[in-house]
Every structure is written in structure tokens, then in C-alpha cells.
Amino acid sequence: MQDIYQQVRELENIQGLSKHEQLVQGFINAINDKLVSRGDMLPSVNSLIKELGFARETIAKGYKELMSRGIVESKNRIGFFVAQENTESHLRIALVIFAFDSFQEVFYKTLRDRVGKTAHIDIFFHHNNIDVLESIINNVRGKYGMYVVAPIPHKRTAEILTTLPLNKFLMIDRYQPMPGDFSYVVQEFEESSYDAFSKLAPAIRKFEGMIHYHRPASDTPIEIIEAYKKFVKKQKIKSVIRTEYIPGSIEKGFVYFTINNAELWQMLKDAKAKGFKLGKDVGILSHNDEVVKEIIFDGITTYSTDFAVMAEKAAEFVMKRNMIQEVVPTVLLRRGSL
């Protein structure tokens, strides 16, 4: 421990360096000089007060900055420990998402580009499994300077996520209610879905009916099917809800709506094999836009939030730490398929 104190003392006479900056740099120097390694316990606040004469608030501020960079981690009732030896990384971000779908890849790449090289992002996937989410949160807690999490609609989610420091927490993609005041950048599903369906009603009415594929056990937002049911009932549109698309089952005269990209690709393959023209023989609607949907088959009609915009707002929160509570708009993109 004396070596660590000495590293801090050696910075006393450097002009323009505050005491909290002196403490932070002293600890970084101790790590760089291999005086302490990952997993080693660091001096307690009381020990630093006694040895250095710094105010408690100064030491707390120094430890807070070291933790925000992911260099130091705090273990409840035990103390502070070296979390990593890469002191060049100014900020470590834990990004917890459903899976690496194309639109979530857009979010990650935009976030990575916006936070720049001074931050390091580790990605974790919970695959809509609440036990996996809990395990991830338990493993990352206290080891990162920022936690960006796409939550799971589940009764245990709030209890799990509120174990994270809410001033370093950002909820993305879906909104899940939690106690306390926390930041979020999310999309909305029910009203935006109903609005998209309503705008498409004249085009949908040109067909015999509409078929929606919804898997109850999937991570598909339940709000979408609620909006769909409300829409077809109010508009008196003949409708069928099925759990999955069976390859080869596409029929002329119907609008097909799926959120699952694998199903969408199979529908397009089957439509091509049967010689159906999209927008005339069959209609197709998809959720979550991406570049390929703009290009193939003269374009697939989608309604989607802009995940790049979501990531830009997330990056701003991560870098500036200003509270944000925002719903990113959902936009209908009319193309040739409907």
C-alpha cells in the first residue's frame, strides 16, 4: 500500500493538478508500474484520508472517476479492487442486448463510432432469457463505467436492473417501468404500429385479407399484436393470426405481415418461385427497416424506428452523462411490396 501512497505524493507539486486528479493519476501510475494488478485490493477511503490528508469527498470523487473508466471496481462491504490493467481505456461500456440482428448491429456500430476510441464496449446477449439477463447483470455490476441495456418484458426485470447504479444506466430499445429516475432512449410499439397499419389501410383493402405471424414465446413486443387486432377489428379486415410461416404456403390475394426476418426471406423466395408480383398479387409488410429491405424486390414496405438515431442519443448520454428520457419516432416507409 505504501507504494501506492507514494505514487500519489509524487504528483503533489504538478501545477494545475487538483487533488482528485492527483489521486486518479497516482493510482493509474501504480497500475502502469505493476505495483498493483487486476484483482488486487486498493486502500480504503479511511486509509487514504489518514495517509494523504485528503478530504473524504475528494477521495470519493477520485474512486468514482476510476470506476467510471472501468479501471476500479467496488465490491459491497469489501472494498475497492483493480478491475483492469488497461488504463488507456477511459470508459468501459457494458452493452446488453437481445441478439446481434442487423438493426442491433446498426445500433452497436453507430454507438461505437460516436463514443470513439476513448471508450471500450463489451457486448452481452440475453436472448430474451431472464435468467441469462440476471447472470449477465450480476457479472458486469461494478466493473463498468456505463451500462446500456435492452430490457426483457418480465416481472423480474426491474428487480434485476435496479441493482445497477441508475446514474450510469441507460435503457434502450424497449421501455420497462422501474422504480427511481433513470435514463432511457426507446421506441414505442402499440400506437406506432396502429398508425402504420391505418396509413396502409387503403392498400390492404385491395387484397382479400391479411395474415400476421406472431410467435407467443418470442421476443416480439406484445403491443404489436394488440395494435394489429385493434386495427383489423376497427377496419373490418379479414384477418388470420398464425404462429409461424410454413415454407411454400404463400397465396395470391393476401397481405403478409411478419417481424421475423427469416420468415420474410422465405416468403420472398416462395413469391418469386410462384411468379407473384409484390404489391399486386401479394402484399408484404415488415417491421424494423434495413438497407437490404430498401433494395430487394423493388423495396419492402416497413415501419421502423431509426436505430442509428437511437444510438446517437445513447452515445450522447454515455459521454455527457446528462439525463435523457426520449422515445425515438417510428416511421412508415412505403415501397413496392405494399
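Just a few scattered comments:
- Unique match (being out of contact with any Phe, Trp or Tyr (no Cβ under 7 Å at 6 or more places or on another chain), within 27 Å of residue 286 (Cα to Cα) and not hydroxyl-bearing (Ser, Thr, Tyr)) among 86, 139, 129: 129
- Single residue of 163, 157 found to be closer than 25 Å to residue 73 by Cα, at pLDDT below 95 and assigned by TED's automatic domain parsing to the domain that holds residue 324: 163
- Breaking point among (1) crowded, with 16+ Cβ neighbours inside 10 Å; (2) among the hydroxyl-bearing types (Ser, Thr, Tyr); (3) farther than 30 Å from residue 216 by Cβ, for residue 108: (3)
- Scanning segment 303-338 for residues that are touching a residue at least 40 places away in the same chain (Cβ under 8 Å) and polar (S, T, N, Q) yields 304, 305, 325, 330, 337.
- The lone exception for residue 183 - which of (1) in contact with a helix residue (DSSP H, G or I) (Cβ under 6 Å, 6 or more places away or on another chain); (2) closer than 26 Å to residue 265 by Cβ it fails: (2)
- The test for being under 26 Å from residue 13 (Cα atoms) and either touching a Leu at 6+ places or on another chain (Cβ under 8 Å) or among the aliphatic types (A, V, I, L, M) (or both) does not hold for residue 91.
- Within the option set 280, 320, 313, being basic (Lys, Arg) and in the same structural domain as residue 213 (by TED's automatic domain parsing) holds for one residue only, 280.
- Residue in segment 22-43 that is more than 30 Å from residue 294 (Cβ to Cβ), in contact with a Lys or Arg (Cβ under 6 Å, 6 or more places away or on another chain) and either surrounded by 16 or more Cβ atoms within 10 Å (Cβ to Cβ) or at pLDDT below 90 (or both) present: no
- Filter pass, residue 61 being out of contact with any strand residue (DSSP E or B) (no Cβ under 9 Å at 6 or more places or on another chain), closer than 30 Å to residue 184 by Cβ and assigned by TED's automatic domain parsing to the domain that holds residue 151: no
- Strands (runs of 3 or more DSSP E) enclosed by segment 164-255 - at least 3 residues per element that are within 32 Å of the chain's Cα centre (by Cα) and crowded, with 16+ Cβ neighbours inside 10 Å: 169-173, 183-186, 209-213
- Listed by position, the strands (runs of 3 or more DSSP E) enclosed by segment 269-338 include none that has at least 1 residues that are on the phi > 0 side of the Ramachandran plot and touching an Asp or Glu at 6+ places or on another chain (Cβ under 6 Å).
- If you go through segment 115-141 and keep only what is in a loop (DSSP other than H, G, I, E, B) and within 19 Å of residue 180 (Cα to Cα), you end up with just 141.
- Failed item, numbered, when residue 152 is tested on (1) β-branched (Val, Ile, Thr); (2) in a loop (DSSP other than H, G, I, E, B); (3) free of Cβ contacts under 8 Å to residues at least 60 places away in the same chain: (3)
- Of all residues in segment 45-92, those being on the phi > 0 side of the Ramachandran plot and buried (at least 17 other Cβ atoms within 10 Å of the Cβ) number 1.
- Residue check, residue 276 more than 20 Å from residue 95 (Cβ to Cβ) and among the aromatic types (Phe, Trp, Tyr): yes
The values are calculated or read from the model by the stated rules, or taken from the named source; none is laboratory data. Predicted model, so just to flag it, every value in this text is computed and none were measured. Quick reminder, even Gly has a Cβ in these numbers, built from the backbone with ideal geometry, and neighbours come from all protein chains shown.
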